[in-house]
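Working notes for the structure below.
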Amino acid sequence: MIPRDVRILVDKALNQTNKIILLLGARQVGKTTLVKTLQNPGDLFLNCDIEEDRDKINTTSLQKLQKNISGYQRLFIDEAQGLDNPGLTLKILYDNFKNIRILATGSSSFELKNSLSDALTGRYLDFELTPLSLSEIAHTENYIHFIDDLMLFGGFPEVFLERDATYKKKQLEKIVESYLFKDILAFNRIRNAQAIKELTQALAYQVGSEVNENELSNRLKIDRKTVLSYLDILEKSFVIRRVYPYSKNPRREIGRKYKIYFYDLGLRNALLGDFNPLHIRQDIGALWENFMIMERYKKMNNSDTKKSQHFWRSYTGAEVDYIEDNPLAAFEFKYSGTTLSQGSMVFEKTYNTRPLVINKDSLHTFLF
């Protein structure tokens, strides 16, 4: 088993605070496995995907809760969004069982956090478990050997640990069909199942490009508000991540359009049915950019570092792939090659900050 870096943060919070700990992340990223590594004798683990487990706490009855969980030191609730009213149930548990530490997991931050926001204000801390990161793999493997594999098949633990490419593809197809759209389509806000599937596939083709909401609306024959709603659901279900532009001069720089990246490239490639080797792919630049941005996000997430992620583009077309602020740093992603683009030169002149090229040889400084 590959150690998960966020486990240190979760374990520390669970032991040092009496607040409810939320562990969020897509299905199949290893939340259940991580929680079970935290479990001790005297703890109660309940999986809300299992009816018998769910029934023990799917109530607002204090008497029933006392009967089922009293005497345990810690309570682990897996896939808590399966409860009828997770926010209220967790509030009752928090307010009435002060001696029991509580950790709940969820595969949808939208569904779970929306139901918790009012009921649990000030009562919880949340952490995110992402697909495997390159730095986590480096704990047990020579990560250099797995870069291309991660760009093709992604970092879902079960997929990564499978060495046969044929079975990797089958597992990713299962995740897309059995988990991804199944969970997303459970949202009450989804009115057109086919449209959100087509939207997700359209976004897979546009990795690293600025999103035109009106164009997507026309292409999918749904209104712009629906496009925005579905994008929100996809992001809060850990499918995509939006990155917004960096701008200090609105007259010369774009400030509204955003780019889309996928949390997991294996998922993205499965949506397109494209697992061709990297050396013959036309989208290698976009894959590398997506890979670097999400690996950087994982690094910050796993170390509890807060930095905003941006790209930069001027109205004249000059562009830099990735920007962080406080302190200002700029990066240009190249799968191979070391030459800065003209856009980077323009950025350096404008902000007195020279972008760095991040390729396969220099990624260590960017990710470790």
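Things to note:
- Taking the convex hull of the alpha carbon positions in region 1-124 and averaging its projected area over all directions gives 7.2 nm².
- Overall form of region 167-238: oblate. Here a/c, set by the Cα gyration tensor axes a ≥ b ≥ c, is 1.5 or more, and a/b is not larger than b/c.
- Among the trypsin sites (Lys or Arg not before Pro) found in region 214-252, those both in a DSSP coil and sparsely packed, with 15 or fewer other Cβ atoms within 10 Å of their Cβ, are Lys221, Lys248, Arg251, Arg252.
- A full extension of the chain between Ile190 and Thr166 corresponds to an added length of 5.4 nm, given 0.36 nm per residue minus the alpha carbon distance.
- By the Stokes-Einstein formula, at 0.890 mPa s and 25 °C, region 233-368 with its Kirkwood radius over alpha-carbon pairs has D equal to 155 µm²/s.
- Residue pairs, from the table Lys12/Lys298; Lys31/Lys360; Lys36/Lys56; Lys174/Lys307; Lys31/Lys298, whose Cα atoms sit over 23 Å apart: Lys31/Lys360; Lys174/Lys307
- Here the peptides 291-299, 337-345 are ranked by packing, the mean other Cβ count within 10 Å, and the order with the highest first is 291-299, 337-345.
- Relative contact order %, region 120-229, counting alpha carbon pairs below 8 Å whose residues are six or more apart: 14 percent
- Proximal aspartates and glutamates to Lys169, defined as alpha-carbon separation beneath 18 angstrom and excluding residues fewer than eight positions away on the same chain: Asp148, Asp149, Glu158, Glu177, Asp264, Asp274
- Rg ratio (alpha-carbon, reference 2.2 N^0.38 Å) - the chain: 1.04
- The value of relative contact order for the chain, using C-alpha pairs under 8 Å at least six residues apart, is 15 percent.
All of the numbers you see were taken from the coordinates with simple rules; none came from a lab. It should be emphasised that the depicted structure is a prediction, and the values quoted were computed from it without experimental measurement. Cβ: placed from backbone, ideal geometry, glycine included. Neighbour counts: every protein chain shown.
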